[in-house]
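Q: Below is one structure. I have some questions about it.
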Amino acid sequence: MPDNAPMTSKSPTLSAAHPYQALTPEVVMDALASVGLHGDGRQLALSSYENRVYQLHLEDGSAVVAKFYRPGRWSEQQILEEHSFSTELLQAEIPVIAPLALGGSTLHHFGGFAFSVSPRRGGRTPELDDAEVLEWIGRFLARAHLVGAAKPFAARPALDLQSFGVEPRQWLLEHDQVPLDVQSAWARASQDAIDLIAGHAVLTGSAAKNSDDNEPVQCLRLHGDCHPGNILWTPLESGASAGPGPHFVDLDDARSAPAVQDLWMLLSGNRAQRTRQLGALVDGYEQFREFDRRETALIEPLRTLRLIHYSAWLAQRWGDPTFPINFPWFGTSDYWQGQVQMLEEQIEAMQEQPLQV
């Protein structure tokens, strides 16, 4: 799920033609040719809602992946900053899929679209029930965070309460996206959740110090959307004798946040299962970088922010035909009643003791 859907003043139900209406297969092939790559005509649309992403076969038998960025979402400076971060990680021998530099640039323009081209990589979803796999992922995340902590983003924003909680909530209510029969309950639950999250200084941008320590929780450049679907488990390329390993894809949501943002989406199941999973991730992580245990208290607040933001993201993209097709359940009273229940569960979870590792 993208984490930077802009808060526009236009209701998605009144949206004009969606931004990808002009992105025909011919435009995709012409865009590829404009950077010196010539396709053989085969195109495969890959799973992506925020952007449009295609696997394209070239005349020389190889294949690449082209990403066409959603107009108006990121500035050119922000996209290039993501590309630069990906390149930094790759130079540090961290297995990310970074865009190719073609004609001296990683970002290109054609037909009104900004796009990039990356190598094609295959792989499968990692087995997150395997402690060894989690430790392996933890090691690479720690190495990525060492790079991310070296300097801040200049253009990319932080993950915070205002942009992921307050603004999405306000937008949904102002644009009457929540049905009247559920609106009061959702407004109350979402506000109660936001009030709880406001107690975490690192998510409010506050310089307040943690009461148990003089040092605030650190924010750093990181992946930002590190769920299992954005990790490909593949054989390493160092030789036939090498074992499997992860490749991180889609840094489109890279931003500044506490390190635990790249860990919590890899946790699932009951509390005992999540504790074991987090323990394995941290065991691997701490082979390269210390993990701040205070950040476990941010897991449920971050999960809650994602929940609120996700609803706003879906509503704001409804003018794009791919959204009604892939999310037909969105917007109904049943959907919003389910959101109320999940927010109430999150309010309880945020008041429990954090996971211990």
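None of the figures in this text is laboratory data; all of them are computed from the coordinates on show. Since this is a predicted model, take the numbers as computed values, not measurements. In this analysis, Cβ positions are derived from the backbone assuming ideal geometry, glycine residues included, and neighbour counts consider all displayed protein chains.
Q: Any chance you could tell me what percent of the C-alpha pair distances in segment 12-119 go past 17 Å?
A: Result for the distance tail: 55 percent.
Q: What is the Cα radius of gyration of segment 38-187 over 2.2 N^0.38 Å, N being its residue count?
A: This ratio for segment 38-187 stands at 1.32.
Q: Set Lys and Arg Cβ to +1 and Asp and Glu Cβ to -1, take the dipole of the chain about its Cα centre, and tell me which of Pro19, Gln191, Gly229 lies farthest positive.
A: Pro19
Q: Which value in Å does the Kirkwood hydrodynamic radius of segment 131-350 take, with 1/r averaged over all unlike C-alpha pairs and then inverted?
A: In segment 131-350 this quantity evaluates to 18.9 Å.
Q: When the distances between all Cα atoms of segment 250-337 are binned every 5 Å from zero, what whole-number percent does each bin get?
A: Taking all Cα pairs of segment 250-337, the binned fractions are 2, 11, 17, 19, 16, 13, 10, 7, 4, 0 percent.
Q: Arrange Lys67, Lys151 by Cβ neighbour counts within 10 Å, fewest through most, would you?
A: Listed from fewest to most nearby Cβ atoms, that is Lys151, Lys67.
Q: Shifting gears a bit: Around Val340, with a cut-off of 12 angstrom between Cβ atoms, what is the net charge of the other residues, counting Lys and Arg +1 and Asp and Glu -1?
A: That works out to -4.
Q: Another one. What share of the DSSP beta bridges in segment 131-350 is antiparallel, in percent to the nearest 5?
A: 90 percent
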